[in-house]
Amino acid sequence: MIRILQQDSIYTKAIFAVIIGATIILMVVFLVPGMFDNGDASNPTAFATVHTPGALGRIFGETTTIKTDDVARAAQQQMQQQQLPDFYLQFVMQRAGQLQVERTVLEHEADHLGLQVSDAGLRNYLQHGPYAEYLFPGGTFIGQDQYVNFVESAFHLPVIQFETEVKGEIELQRLQALVTGGVSVSDSAVRAQYLQSGTKVKFDYAVITGSDLKAGINPSDADLATFFKTNAAHYANAVPETRKIEFFNIETSNLPGGLPQVDDAAAQAYYNANLAQYKTAEQVQTRHILISVPKGADGKTDAAAKAKADDVLKQLKAGAKFADLAKKYSDDPGSKDQGGELPMIATAGLDPAYAQAAMALNPGQTSGLVRSSFGYHIIQTVAKQTANVKPFAEVKASIVEQLQTQKSAAAAQSYATQLTAEAQKNGLDKTAAAHNLHVITTDYVAKDGIIPSLADSNGLLGAAFNATKGAPPAVASTGEGNAVFQVEDIKSAHAPDFATFKPRILDDYRSQKVPELLNTQLIKLSDLAKKLGDLHKAAAQMNLTVKSSDLVGRDAQVTDIGSLSGAASVVFTMPIGGISSPINEGVNGAVLELTDKQEPTAADIASHLDATRETLLNQQRQEAFSVFVDSLMNRYEKAGAITYSKKPTQLPLGN
C-alpha cells in the first residue's frame with residue numbers, strides 16, 4: 001500500500017486530493033464549535049435562524065436570521081389592528097414570529113426551486129399588479145421621487161426593503177402556483193358542491209329543553225339523602241374555608257396633614273418629561289364602499305371586482321346617494337348597514353393605501369377607486385386630524401390630578417407602613433386608638449366574600465387568606481387606601497349538613513338526571529312521530545309545541561336549533577315528510593320533520609358553475625398548499641434547520 005502511494009502518478013494525486021478534501025470537510029463539520037448547534041440560542045437580537053437542511057446545507061447552504069425587532073414590529077401592528085390588551089403581546093409576538101419562520105422556510109424552498117424574482121419581474125409586477133394605478137397611472141411611471149414618497153408614506157419602509165418584500169411575495173405566489181398547479185375539480189364535483197350549498201329546506205320541529213325537564217324532576221328526601229351519601233367525596237369541601245379578620249382602615253382623607261399638593265412647576269416638569277403621552281396620532285373618519293377581492297385571487301377575479309367597483313363609482317357620479325350604494329353593494333359587513341360609515345380611526349391601523357387616499361382628500365371629497373389588500377374601495381373623507389401634541393394648558397388639570405393621586409397613594413402607603421410597625425409592637429387596638437382610627441372585626445368571611453365597610457375588599461381578603469392565624473399585623477390594599485389587619489380565627493373547609501345544603505343537593509341531583517331524561521324523551525318523541533307519521537300528533541301527545549322554520553340553507557341559524565351546519569344538517573338528507581332521529585345538543589334537543597326542499601335547477605347549477613368551480617378550486621388549492629407547508633416545516637424541523645433563541649410560548653388561543 002505504501003509503495004502505491006509513493007508512485008508519482010495523476011491517480012495517486014487524485015486519491016490524495018479526495019482524502020485530504022474529505023478530511024478537511026469532516027474536521028470543519030465535527031470540530032468547528034457550533035457547527036451542529038441550532039444557531040445562536042443566546043443571541044437576543046435573533047428570534048430564530050433558518051438554514052438549508054443537512055450537514056452540507058450548514059456549510060454551503062443559505063442561512064437567514066429572523067430579527068426579534070422585526071417580529072416585535074409585526075406583533076405591535078397586529079395588537080393595534082385587533083385592539084388587544086398589552087398582556088397579549090408575548091403571545092401575539094410568538095405567533096408573528098412563527099409566521100415569519102414559516103415564510104422564511106418557504107422562501108428557502110422557492111430559492112432552491114429557482115423561483116427568484118428579477119428586477120425586471122418586479123417592475124412588471126408593479127406596472128401591472130395591484131399597485132399599478134398608483135405607480136403607473138395611465139401606463140406611465142410617476143417618476144422615482146414620487147415613487148419613493150409613495151412607498152415611504154404608504155408603507156413606512158425604505159424603497160429597498162419594500163422591493164425586497166414585494167419580491168418575496170411574488171416568489172411565494174410562484175411557489176404556491178407551482179405546488180397547486182395540478183389541482184383540478186371535475187364538473188361532477190362542482191355540480192355536487194353547488195347542489196349541496198344551494199339546497200334549501202323548510203321543516204317543522206319540536207324542542208325539548210333541559211331547563212323544562214329539570215324543573216319537573218322532584219325526588220324524595222330519601223332519594224336526595226342517598227345521592228348526598230353516594231357523592232360524599234364531591235361535597236367533602238363544599239362549605240369553603242372562612243376567616244374572621246380584625247383590621248383598621250387608612251384612607252387618603254385621614255392622612256396626617258391632609259392631601260399632598262401639586263404646584264404648577266411640578267405639573268409642567270411632568271408634561272415636559274412625558275410629551276409622548278400627549279401626542280395625538282394622525283386620524284381620519286371616512287365612509288367607504290368595498291368590493292372585496294379574496295386574497296390570492298387570480299387576475300380574472302380581480303378584474304371582475306374592479307369592473308363592479310367602476311360601475312358603482314359611475315352610479316355615484318351620476319347622483320346616486322353614497323349611503324344607498326354602500327348598503328346595496330359594499331362587502332364590508334361592519335359598515336354597509338350604516339351607509340359605509342366608519343368611526344375616527346388612527347391611520348396607523350388602516351391599510352396603507354386606504355389611509356393615504358383618505359388623508360389626501362378634504363372633508364366631503366370622494367376618491368376614485370382605491371386598491372387595498374382587501375379589494376377596491378370608494379372612499380369619502382368625513383373628517384381628519386393630523387398628528388400633534390396637546391398643549392400644556394389643555395392637559396394641566398389631568399396632570400395635577402394624576403400627580404396628586406400618586407403623591408397621596410405614596411403618602412398613604414408610607415403612613416400604613418408606619419402604623420403596621422406600630423401595630424406589630426403595640427397591637428391593633430392601641431395603635432388605632434392612638435391615631436383616632438376604628439378597629440373592625442368581620443364575621444367569618446370566605447375568600448370570595450365581601451367586607452361591607454370597604455370599597456374593595458379583594459386585596460384584604462387575598463392577603464388575609466395567605467396569612468396564618470395570630471401572625472403579626474400586616475398591610476393590604478383596599479382600593480381607596482390601606483388596611484392594617486390580623487387573622488383572628490379560621491374555619492376550615494368542610495362538608496355541609498344535609499338539611500342546610502338541601503337546595504344545592506336538589507339542583508345537583510336534577511342536573512345529573514337531565515341528560516339521561518332528555519335522551520329518553522327525545523327517543524320517545526322520535527319513535528312516536530315515526531310511528532304516527534306526523535310530528536304534530538306526537539308532540540301533542542307529549543304536550544310539546546311545534547315550530548316551523550323559514551326556507552333556509554346550510555349557513556342558517558334557526559331559533560332553538562342553532563346552526564344547521566351541525567347535527568341538524570341531517571335535515572338536508574331527508575325526504576319530504578321524513579322525520580329525524582333525536583338531535584341532541586346536550587342541554588336541549590329536537591326532532592325535525594321536513595316539509596319542503598328546494599334544490600337548484602339545472603339552469604341554476606349551470607349559471608353558477610364557474611363561480612362554484614373557482615370557489616372549490618381555491619379551497620382545494622389552499623388545502624393542498626397547507627399540506628405542502630406542513631410537510632416542509634416538518635422536514636426542516638426534523639433536520640434541525642430551524643433554531644429559536646427561545647422556545648416558542650404556547651398560545652392560549654386557537655390558531
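The values are calculated or read from the model by the stated rules, or taken from the named source; none is laboratory data. Nothing here was measured: the structure is a model prediction, and the numbers come from that model. Here Cβ is always computed from backbone atoms with ideal geometry, including for glycine, and neighbour counts include all displayed protein chains. These area figures cover heavy atoms from the full protein model, side chains too; ligands, DNA and RNA do not enter into them. Shrake-Rupley method; radii C 1.70, N 1.55, O 1.52, S 1.80 Å.
Against the list (1) touching an Asp or Glu at 6+ places or on another chain (Cβ under 8 Å); (2) among the polar types (S, T, N, Q); (3) without any contact (Cβ under 8 Å) to a residue 12 or more places away in the chain, the condition residue 199 fails is (3).
Among the residues of segment 119-140, those that are part of a loop (DSSP other than H, G, I, E, B) and either within 30 Å of residue 645 (Cβ to Cβ) or touching a Lys or Arg at 6+ places or on another chain (Cβ under 9 Å) (or both) comprise 130, 131. Identify the residue in segment 180-212 that is of a type in the set (Ser, Thr, Tyr) and open to solvent by less than 20 Å² (accessible area, probe 1.4 Å) and, among all such residues, is nearest to residue 511 (Cα to Cα). It comes out as 205. When we screen 218, 272, 237 for residues that are part of a helix (DSSP H, G or I), at negative phi and open to solvent by 70 Å² or more (accessible area, probe 1.4 Å), the only hit is 272.
If you check 441, 478 for being of a type in the set (S, T, N, Q), touching a residue at least 24 places away in the same chain (Cβ under 8 Å) and surrounded by 13 or more Cβ atoms within 10 Å (Cβ to Cβ), only one passes: 478.
Taking segment 455-477 as the range and being under 34 Å from the mean Cα position of the chain (by Cα) and part of a loop (DSSP other than H, G, I, E, B) as the test, the residues that pass are 456, 457.
For (1) small (Gly, Ala, Ser); (2) over 30 Å from residue 262 (Cα atoms); (3) out of contact with any Phe, Trp or Tyr (no Cβ under 6 Å at 6 or more places or on another chain); (4) in contact (Cβ under 8 Å) with a residue 12 or more places away in the chain, each residue gets a yes or a no:
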| position | (1), (2), (3), (4) |
| --- | --- |
| 376 | no, yes, yes, yes |
| 383 | yes, yes, yes, yes |
| 392 | no, no, no, yes |
| 398 | yes, no, yes, no |
| 415 | no, no, yes, yes |
| 424 | no, yes, yes, yes |
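Yes or no: residue 320 in a helix (DSSP H, G or I), hydrophobic (A, V, I, L, M, F, W, C), open to solvent by less than 50 Å² (accessible area, probe 1.4 Å) and at pLDDT 90 or above? So residue 320 fails the test. Looking at this structure, is residue 426 surrounded by fewer than 17 Cβ atoms within 10 Å (Cβ to Cβ) and at pLDDT 95 or above? Yes; evaluated as a whole, the condition is true for this residue.
Residues are listed down the side, and each one gets a yes or a no for (1) within 30 Å of residue 639 (Cα to Cα); (2) in contact with a Ser or Thr (Cβ under 6 Å, 6 or more places away or on another chain):
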site	(1), (2)
84	no, no
94	yes, yes
97	yes, no
134	no, no
149	no, no
157	no, no
165	yes, no
169	yes, no
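Criterion applied to 408, 373, 367 was being among the polar types (S, T, N, Q), crowded, with 18+ Cβ neighbours inside 10 Å, at negative phi and not in a helix (DSSP H, G or I), and the one residue passing it is 367. Test of understanding: among 623, 599, 614, which residue is out of contact with any His (no Cβ under 8 Å at 6 or more places or on another chain), crowded, with 17+ Cβ neighbours inside 10 Å and under 30 Å from residue 294 (Cβ atoms)? It is 614. I'd like to check something: does segment 326-335 contain any residue that is out of contact with any Phe, Trp or Tyr (no Cβ under 6 Å at 6 or more places or on another chain), part of a loop (DSSP other than H, G, I, E, B), of a type outside the set (Val, Ile, Thr) and without any contact (Cβ under 8 Å) to a residue 40 or more places away in the chain? Scanning segment 326-335 turns up at least one residue that is out of contact with any Phe, Trp or Tyr (no Cβ under 6 Å at 6 or more places or on another chain), part of a loop (DSSP other than H, G, I, E, B), of a type outside the set (Val, Ile, Thr) and without any contact (Cβ under 8 Å) to a residue 40 or more places away in the chain.
From the list 92, 101, 151, 117, the lone residue that is farther than 30 Å from residue 631 by Cβ and either under 33 Å from the mean Cα position of the chain (by Cα) or crowded, with 19+ Cβ neighbours inside 10 Å (or both) is 151. Among the residues that make up segment 166-179, is at least one of them free of Cβ contacts under 8 Å to residues at least 24 places away in the same chain and either open to solvent by 50 Å² or more (accessible area, probe 1.4 Å) or of a type in the set (A, V, I, L, M, F, W, C) (or both)? The answer is yes; a qualifying residue exists.
When 393, 307, 353 are screened for being within 28 Å of the chain's Cα centre (by Cα) and assigned to a helix (DSSP H, G or I), only 353 passes.
The residues of segment 332-361 that are surrounded by 16 or more Cβ atoms within 10 Å (Cβ to Cβ), closer than 18 Å to residue 293 by Cβ and not hydrophobic (A, V, I, L, M, F, W, C), listed by number, are 332, 335, 336, 340, 351, 352, 354. Looking across segment 57-70, just one residue is open to solvent by 60 Å² or more (accessible area, probe 1.4 Å), closer than 17 Å to residue 109 by Cβ and either of a type in the set (A, V, I, L, M) or modelled with pLDDT of 85 or more (or both), and that is 63.
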